[in-house]
Amino acid sequence: MDTLHIMLVLLIAGFLLLGFGFNYREHEWGIRLMGAGVLVTLMPIVLRVYEALQLPA
């Protein structure tokens with residue numbers, strides 16, 4: 001997969017987790033889904049920083 005596709009999949013999955021978690025926020029697992037959604041949504045930023053900091057071998 002291309003880097004763009006990986007980031008797109010991560011963003012869509014993160015937003016879906018956030019949406020489902022927000023709908024069930026009165027339950028404990030809904031709060032956990034929202035937390036997982038935030039982490040998955042921030043992963044493309046982490047990946048880009050990791051790629052930017054790669055030193056040539």
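I'd like to know if region 36-52 contains one or more residues that are among the charged types (D, E, K, R), out of contact with any Leu (no Cβ under 6 Å at 6 or more places or on another chain), in a helix (DSSP H, G or I) and modelled with pLDDT under 95.
The answer is yes; a qualifying residue exists.
When the residues of region 37-57 are filtered to those that are more than 15 Å from LEU8 (Cα to Cα) and hydrophobic (A, V, I, L, M, F, W, C), which remaining residue is surrounded by the most Cβ atoms within 10 Å (Cβ to Cβ)?
Checking each candidate, the answer is VAL49.
The values are calculated or read from the model by the stated rules, or taken from the named source; none is laboratory data. As the structure is a prediction and not an experimental result, all values here were calculated from the model. With ideal geometry, Cβ positions are generated from the backbone for all residues, glycine too; neighbour counts draw on all protein chains shown.
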